[in-house]
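Just below is one structure, and these are the notes that go with it.
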Amino acid sequence: MLVAELEFKIIADTSFADAEKGIRFYLEKLIFQGQILGREFPTYQAQDSFFSRVVLPQADALDKASHSKAGLIALELLQQVGLSYPKLTILGYDLMSNHTDPCPGHAALILFCSFSATNSVLYCAEHFAPIPLYKVGRTSGEDFESLVRWQLQYQALDEIQMQEKRVLFKSAEQSVQGFYSGLNQQGYKQARALSKELNKPVYYYLYSGSSADCVLDAEKKCPSCGSDWKLGQSWHGLFDFCCEPCQLVSNIAFDCQP
Ligand SMILES: [Zn+2]
Ligand SMILES: [Zn+2]
């Protein structure tokens, strides 16, 4: 992924508050379309411009064609607050983030979320690398706001349940690993809807951290339909279970793995 800077030139009378509002609104729309990654975007003023530091999944992320309908509107609104279209300067590769999937198209996707990654939660099923959301192949022009908002909640809970001295004992873990938790039901529903829209499988990853019985854990059934779903060999070195009809994947509880 790439570290880049956006320059918004001041082209008409504006106030600091209006300019900030316009930039904030535009960056938010870029987040919801997966065009920029992360949560913090240092923004400063220097002479006649504002500058924002962002991380892009790919160099074409800010092309007009990559924008959602809402993003295009936000782009036009910049002029109403006295700012130019942003000028993009790519500064270099981000050493701290992982690689974006290079495939031009995808036969299947995996919806996979974890606490530490700021990248897209949609992965190429073949290479298990994140696909920028704007590259997923949606044609409606709608953005991924609900998926990005779900990701934020997932990561907040996952972050808590990963801590040794967690402040929410068990409840955070149950949210993340229980198939019928509100969190997973919301995520699974989004995977189902996307699968229908794109007309391809979108597997949903169900995290498994701990288990009351490690012998039974390796024999567990699909939590959705109750079928056997154990794979002969793990997929991408992570998924030990896969139910094709339910498009669900999971792992042997990490606490039960050698
Ligand atoms: Zn791929
Ligand atoms: Zn199933």
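Some notes on this structure:
- Qualifying trypsin sites (Lys or Arg not before Pro) in the range 212-258, DSSP loop, other Cβ atoms within 10 Å at most 15: Lys221
- Only Lys, Arg (+1) and Asp, Glu (-1) charged, at Cβ; the chain dipole about Cα centre in debye: 420 debye
- Shape summary: the range 2-93 maps onto an equivalent ellipsoid whose semi-axes, from the alpha-carbon gyration tensor, are 20, 15, 11 Å in decreasing order.
- Of Ser181, Leu88, Gln163, farthest towards positive along the dipole that unit charges on Lys, Arg, Asp, Glu beta carbons give the chain: Ser181
- In the range 153-234, the GluC sites (Glu not before Pro) that fall in loop regions by DSSP, at most 13 other Cβ within 10 Å: Glu164, Glu219
- Enclosing the Cα atoms of the chain in their convex hull gives a volume equal to 142 cubic angstrom per residue.
- Residues Asp18 and Ala156, FRET efficiency given R0 of 22 Å [Cβ-Cβ distance, rounded to 0.05]: 0.10
- Across Ser52, Ser116, Ser84, mean-square fluctuation computed from a Gaussian network of the chain (C-alpha pairs under 10 Å connected) peaks at Ser116.
- Taking all Cα-Cα distances within the range 109-256, those exceeding 21 Å account for 43%.
- In the chain, helical runs assigned H by DSSP with n ≥ 4 each contribute -39500 (n - 2.57); averaged across all residues and rounded to the nearest 500, the mean residue ellipticity at 222 nm is -9000 deg cm²/dmol.
- Per-residue ³J(HN,Hα) for the range 222-230, Karplus 6.51 cos²θ - 1.76 cosθ + 1.60, θ = phi - 60°, Hz, x for Gly and Pro: 4, x, 8, 10, x, 7, 5, 9, 5
- Ordering of 180-189, 92-101 by packing [mean C-beta count within 10 Å, highest first]: 180-189, 92-101
Coordinate-derived values only; no laboratory data. What you see is a predicted model; the values in this text were computed from it and never measured. Heads up, the Cβs are rebuilt from the backbone with ideal geometry, glycines too, and the neighbour counts pull from every protein chain shown.
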